[in-house]
Structures are given as structure tokens and as C-alpha cells.
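Comments concern the structure below.
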Amino acid sequence: MASHNMVPIKLTCVVLIVCMVVGAPMASAISCAQVANGAAPCIGYLRSGGPTVPPQCCSGLSALNSAAKTTPDRQQACQCLKNIAASIKGINYGLVASLPAKCRINIPYKITPSIDCKTVK
């Protein structure tokens, strides 16, 4: 009889483990503070341009791109970048659009005032 009672306990444990594994990527979304810290060295360049993109800008964006591994992470990073860009007075969206290529980073979307970050995969 004792082994008969173990089936529901084992099943419950398996269900909990599966929920933890499946739910884990959703819980690890990148934070806007992380995005802001990574993007901060780019602000001066995005306002006034210059001969080259600051190396700290590219390294920050590269780290963000590497950290955004899941769709929820990428959507969160997109929304944070969009909000940050909208809050910068004098931002040049042409420079924003060219920044990933100049930093040799593949970002599958362009940060524009009208981007729908929910479509980012």
C-alpha cells in the first residue's frame, strides 16, 4: 500500500520539475537597468555622431545582445531600448539604425520610434 501512495508524489515531483524548467526562461528576462547600463556609453555618439563609435558602446551592446537569449529577453531589451531612445533629447535615429552594423553586432530589428517589440523573436 505504501508504494501505491508514492505514485502521486512522484508524479507531483515530475510536474514541478517540468514547470521549473519550462518556466525558467520566462523568469530570466533581461532588466531595463541592464539595458540602460549597456547602452549608456552610446548616448553621446547617438546625439552628435563622430568619426567612430566608442568601444565601450560596442562592448555594452555586444554584452546585451549576448544576454538576450530568449524571445522574452529580446522583446524586453527591444522595449527598453525603444524607451531609452525616446527619452534622449536630440537623438539621431539614423545613427541608432546604423549602430549594430558599426559595432558588428547582429540585432534582428531596428530601434525606431514605431517598432512593435512584441513582434521581435
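The values are calculated or read from the model by the stated rules, or taken from the named source; none is laboratory data. Small disclaimer: the values here were computed from a predicted structure and weren't measured. Positions of Cβ are backbone-derived with ideal geometry, glycine not excepted, and every protein chain shown enters the neighbour counts. Surface areas here come from the heavy atoms of the whole protein model, side chains and all, with no ligands, DNA or RNA. Shrake-Rupley method; radii C 1.70, N 1.55, O 1.52, S 1.80 Å.
Residue by residue through segment 90-102, note down the ones that are in contact (Cβ under 8 Å) with a residue 24 or more places away in the chain and out of contact with any Gly (no Cβ under 9 Å at 6 or more places or on another chain).
Passing the criteria: 90, 91, 96, 99, 100, 102.
Sort out which residues of segment 91-102 are under 13 Å from residue 42 (Cα atoms) and not basic (Lys, Arg), and write them in order of number.
91, 92, 93, 95, 96, 97, 98, 99, 100
Evaluate segment 51-59: report whether one residue or more is at pLDDT 90 or above, open to solvent by less than 80 Å² (accessible area, probe 1.4 Å) and within 20 Å of residue 120 (Cβ to Cβ).
no
If the requirement is being touching a residue at least 40 places away in the same chain (Cβ under 8 Å) and within 17 Å of residue 45 (Cβ to Cβ), which of these qualifies: 111, 107?
Residue meeting the stated conditions: 107.
Say we look at segment 39-55 and pick out the residues that are without any contact (Cβ under 8 Å) to a residue 24 or more places away in the chain and under 18 Å from the mean Cα position of the chain (by Cα); which of these is farthest from residue 103 (Cα to Cα)?
Top of the filtered list is 40.
Of the numbered conditions (1) part of a helix (DSSP H, G or I); (2) more than 17 Å from residue 110 (Cα to Cα), residue 51 satisfies every one except a single condition; which is it?
For residue 51, the exception is condition (1).
Does residue 68 count as of a type outside the set (D, E, K, R) and open to solvent by less than 30 Å² (accessible area, probe 1.4 Å)?
yes
Kindly indicate whether residue 42 is open to solvent by less than 30 Å² (accessible area, probe 1.4 Å) and of a type outside the set (Lys, Arg).
Answer is yes for this residue.
How many residues are in a helix (DSSP H, G or I) and surrounded by 14 or more Cβ atoms within 10 Å (Cβ to Cβ) if we restrict to segment 72-121?
Residues that pass the stated criteria total 20.
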